[in-house]
Amino acid sequence: MKSLNQYWQQRDLQHVWHPCTQMKDHEANIPLIPIQRGKGVWLYDFEGKAYLDAISSWWVNLFGHAHPYIQSRIQSQLSELEHVLLAGFTHRPVIELSEQLVRITPKGLEKCFYTDNGSSAVEAAIKMSFHFWKNHHQPQKKKFVCLSNSYHGETLGALSVGNVSLYKETYGPLLFEVITAPSPDAFLAPKDVDIITYTRQQFEKIKILLEKDADCIAAVIIEPLVQCAGNMRMYHPLYLTLLRECTEKLGIHFIADEIAVGFGRTGTLFACEQAGIVPDFLCLSKGLTGGFLPLAVVMTTSTIYQAFYDDYHTQRAFLHSHSYTGNPLACSAALATIELFEKNAVIKNNQAHIQYMKTHTEKWRNYPYVADVRQTGMILAVELMAEPHSQTPFAWQRRVGLQMYREGLQRGILLRPLGDVIYLMPPYVISETELSFLIDQVDQCLQQVALNIQSECA
Ligand SMILES: Cc1ncc(COP(=O)(O)O)c(C=O)c1O
């Protein structure tokens, strides 16, 4: 007799091909978890087992699952209009959302171009940057600069400007070439160099590359403050400030990809605020709709917009589109999300969570195999390594992160480690009791996995 969970697992495996997954793992090794419903930070399977969603379902969920206010805003929009194409037509939610986005993002970003996922926003920003220079009679400005260990999505353009080999290498022959600068990753800073000096040193390296090829470079693309998919590596905001000054001086666009870090993840509403910068392009998605519906936006300046604005016959327009661009339901979810930030003083109130996470995870630094515990705002990461002192990673075949994942599931928490990096990125509605539960469970997982490793080595 099959359990309810098994029933859904088996039906799923007949036809569903899951993202970022070796499907064979699900047949034996790693049972698929069918989720029936969610409430707040909790997800429930078909047999009622609860999992605390410690990673906000791939970083999208800000205010918990099934949030009643976001639900109600989507429902009332649903009774009026589900969708209309955004070419030649418009609607209230997209107009209001654009006004709100311009109001809350760094000053100077005045135009909103919508897509429906993060990767497609990155594609649009790259195309816009190239096209801007073309419209300005500089078609040779077509190179893009990215950082080592960066991640900007999975479509071919986004993958080209990313640098995580796990996702990129296989498709190398399909991708365009980019200039890759060493990242300012604080974890890689030599122990005897202070963070400011190190940040300046890393900046000098990209500056040399930018100066050398400024005539051919369209834009630099960067994830402000945290390289999330690149194992939650973090760096100092000074790097962004210096880089922005430099790109402005050299006539190179600055694309800030805040798809993962936007909407409060780094402690401020947008990470760029911590560096006091305004990019030429700001890409947002994930938290934009509170995790309810797919939506993304490229925000840009009037200067960029004007390069495309002309009589039709000049053929300068940005002829890029997606069928679901600016979907009214998704825009309503985004409007509700922005309202919740303000109504509940979320950025201010998150400070207590940030401090709690910091205080209660400090001891992990002394645990076996912990090479680093780092935090930027609401993102806390723990890096496990075979030899923390020499920063020697575990052989990837050992899948230490997977052991943490399994231990977490047994204890009712959903972690999805990046390699051997465990991180907490919970919805902001998490209570102190829930946060305490989460940290206790991760603590137990860390201890259990360390024991497993020690017994494997014995
Ligand atoms: C910084 C960054 N950019 C782009 C993307 C791609 O977004 P999506 O998965 O919606 O295509 C991601 C996804 O994790 C991301 O972290």
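Values quoted throughout were computed directly from the atomic coordinates according to the rules given, and no laboratory measurement underlies them. On a predicted model such as this, the values are computed, not experimentally measured, just so you know. Every residue, glycine as well, gets a Cβ built from its backbone with ideal geometry; the counts of neighbours run over all protein chains shown.
Here are a few things to note about the model shown:
- Length-normalised contact order for the stretch 70-343 - Cα pairs under 8 Å, 6+ apart - percent: 29 percent
- Close amide H partners of L147, meaning residues 5 or more places away or on another chain with modelled amide H under 5 Å apart, are A181.
- Sorted into 10 angstrom bins from 0, the C-alpha pair distances of the chain split as 4, 19, 30, 27, 15, 4, 0, 0 percent.
- Euclidean distance of C-alpha centroids, the stretch 432-446 and the stretch 226-298, integer Å: 29 Å
- The GluC sites (Glu not before Pro) of the stretch 49-96 that meet both conditions, a loop assignment by DSSP and at most 14 other Cβ atoms within 10 Å of the site Cβ, are E80, E82.
- Projected label points at S321 and E169, each 7 Å from Cα along the beta carbon direction, are separated by 4.1 nanometres.
- Above-threshold pairs, the threshold being 29 Å between Cα atoms, out of K107/K348; K191/K249; K142/K191; K134/K212; K111/K143; K168/K358: K191/K249; K142/K191; K168/K358
- For the peptides 364-373, 234-243, 117-126, the ranking by mean Cβ contacts within 10 Å, running from highest to lowest, is 117-126, 234-243, 364-373.
- Paramagnetic label zone (point 7 Å from Cα along Cα-to-C-beta, Q447; backbone N under 18 Å) in the stretch 370-389: 370
- The chain, helix-only ellipticity at 222 nm - DSSP H runs n ≥ 4, -39,500 (n - 2.57), divided by all residues, nearest 500: -12000 deg cm²/dmol
- Rounded to 5, percent antiparallel among DSSP beta bridges of the chain: 65 percent
- Pairwise label distance in nanometres, H18 with K134, each label 7 Å out on the Cα-Cβ vector: 4.1 nm
- Using a Förster distance of 22 Å, the FRET efficiency for Q397-A28 (Cβ separation, nearest 0.05): 0.85
- Neighbours of H67 by Cβ distance under 11 Å: Lys/Arg scored +1, Asp/Glu scored -1, total +2.
- Per the Kirkwood formula applied to alpha carbons, the stretch 86-196 shows a radius of gyration over Rh ratio, Rg over Rh, of 1.06.
- Cα-only Debye scattering, the stretch 70-343: base-10 log of I(q)/I(0) at q = 0.09 Å⁻¹: -0.41
- A straight chain from A87 to E342 at 0.36 nm per residue would run longer than the Cα-Cα distance by 88.7 nm.
- Label-to-label distance, D440 versus N349, with points set 7 angstrom from Cα along the beta-carbon direction: 2.4 nm.
- In the stretch 237-393, inverting the average of 1/r over every pair of distinct C-alpha atoms gives 18.7 Å as the Kirkwood radius.
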